[in-house]
Number of protein chains: 2
Amino acid sequence: MMRWPLPDPMRRALTLAREAAEAGEVPIGAVVVKDGTIVGEARNAPRATHDPTAHAEIAAIRAAAATLGNERLSGCELYVTLEPCAMCAGAIVHARIGRLVYAAPDPKGGAVTHGARVFDHPQCLHRPEVVSGIGEGESADLLREFFRARR
Amino acid sequence: MMRWPLPDPMRRALTLAREAAEAGEVPIGAVVVKDGTIVGEARNAPRATHDPTAHAEIAAIRAAAATLGNERLSGCELYVTLEPCAMCAGAIVHARIGRLVYAAPDPKGGAVTHGARVFDHPQCLHRPEVVSGIGEGESADLLREFFRARR
């Protein structure tokens with residue numbers, strides 16, 4: 001099936017996800033973009049770092065905030081290969097990410113359109129624009145392959 | 001009013017919260033305990049560190065995981081002075097914290113008994129035992145004083 005060309009930041013996030021898989025981590029990658037430039041990026045790394053918070057999104061947000069010297073990432077976009085969990089969705093709120101673009105939905109662990117639906121509560125201080133499905137097939141293939149190989 | 005003596009880890013978390021206030025950060029402190037010993041502790045520090053994820057709970061969990069060399073903190077207790085937000089509740093799930101003890105409820109930003117109620121969804125992989133109200137008066141006083149001084 002022909003697929004539309006992916007935006008560069010999502011292609012980069014998928015490359016990072018592939019690197020995670022090669023390192024034995026669940027293949028998820030994330031990229032923070034400001035004015036068309038990548039200001040932070042990371043892949044999933046909780047096992048190697050012994051850090052349960054070392055999800056791709058958290059690490060990419062921390063990297064971007066360090067790059068910009070600001071805990072607020074207003075006007076930034078976050079590209080990630082899988083629907084963020086509650087922890088990462090919460091971090092997106094705190095960082096004031098302007099737009100979240102995620103590839104594959106995660107009915108088990110996702111907390112954007114599943115489970116805790118972090119952005120959908122009246123208490124939520126900041127709701128990013130949310131785009132999903134861009135790169136979904138590629139991301140789902142990576143995850144499927146990773147878990148199949150480990151079964 | 002006479003109050004019951006606080007458990008040592010909550011007293012320590014309140015001291016860390018006071019240190020946060022002195023540093024100009026929202027006064028929240030957190031302590032991770034394993035078999036009666038503190039294995040990680042932290043105070044809120046997002047402003048000084050330019051890190052939107054630098055909540056007391058996240059930093060305490062990261063410190064404990066580094067101390068124990070394990071991303072899973074099974075059998076550990078987390079003491080924190082305020083009801084965790086969605087990000088921190090998600091991190092508690094990922095870390096498999098066995099018991100969460102928090103002091104004051106947070107109707108605005110909390111995500112345990114308010115808002116996203118992160119532990120209450122069928123998808124939630126791990127639900128810690130939750131105890132609240134221990135040190136509530138002391139924690140609420142610290143927060144009230146901090147925000148009053150800044151108005």
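Of all residues in region B:18-44, those being out of contact with any Cys (no Cβ under 7 Å at 6 or more places or on another chain) and in contact (Cβ under 8 Å) with a residue 40 or more places away in the chain number 9.
Selection of region A:103-145 for residues being farther than 24 Å from A:Glu19 by Cα and of a type in the set (D, E, K, R) yields A:Arg117, A:Asp120, A:Arg127, A:Glu129. In region A:120-145, the residues that are of a type in the set (Ser, Thr, Tyr) reach residues that are in a strand (DSSP E or B) with C-beta atoms within less than 7 angstrom, at least six apart or across chains, in these pairs: A:Ser132/A:Tyr102; A:Ser139/A:Thr81; A:Ser139/A:Leu82; A:Ser139/A:Ala103; A:Ser139/A:Ala104.
Every read-out reported here was derived from the displayed coordinates using simple, explicitly stated rules and does not represent laboratory data. Quantities reported herein were computed from a predicted structural model and do not represent experimental measurements. Cβ sites come from the backbone with ideal geometry, for glycine too, and all protein chains shown count toward neighbours.
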